[in-house]
Amino acid sequence: ERGKMTEAMVRNKPGMASVKDMPLLQDGPPPGGFPPVRYARRIPNSGPSAMAIFLTAFGAFAWGMYEVGKGNKIRRALKEEKYAARRAILPMLQAEEDERFVKEWNKYLEEEARIMK
């Protein structure tokens, strides 16, 4: 019972057979061939059109430029307010500086008079 399923029994050939002598069993296509492969380029037509994308991008750009312009106007007004405040206090600052200068100049003249005695 031990020798029943030998290669000789399975292949119905006496003794060991060379691989080259074994019957050839090769895969092939199914009867009628394989179904055709779809390889055509099929891009769906979903989504916005090119014109819609362009108009949306242009609208976003135009709105952004409008907002930048508004910000520039506000920034310009704040800068002008700052400069107006500086111009308003400039005479007082100049008067303080003139007073300081006159005191220093008088000290210089006194020192010069003391040295030149």
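Computed from the coordinates by the stated procedures, all read-outs in this text should not be read as laboratory data. As the structure is a prediction and not an experimental result, all values here were calculated from the model. Counting neighbours? That spans all protein chains shown, and the Cβs are built from the backbone with ideal geometry, glycine included.
If I filter the stretch 47-61 down to residues being in a helix (DSSP H, G or I) and surrounded by fewer than 10 Cβ atoms within 10 Å (Cβ to Cβ), which single residue comes out as farthest from the chain's Cα centre (by Cα)?
Per the stated criteria, the residue is 51.
Could you list, ordered by first residue, the pairs with Cβ atoms under 6 Å in which the first is in the stretch 98-114 and on the phi < 0 side of the Ramachandran plot and the second is not in a helix (DSSP H, G or I), at least 6 apart or interchain?
Between residues of the stretch 98-114 that are on the phi < 0 side of the Ramachandran plot and residues that are not in a helix (DSSP H, G or I), there is no close pair.
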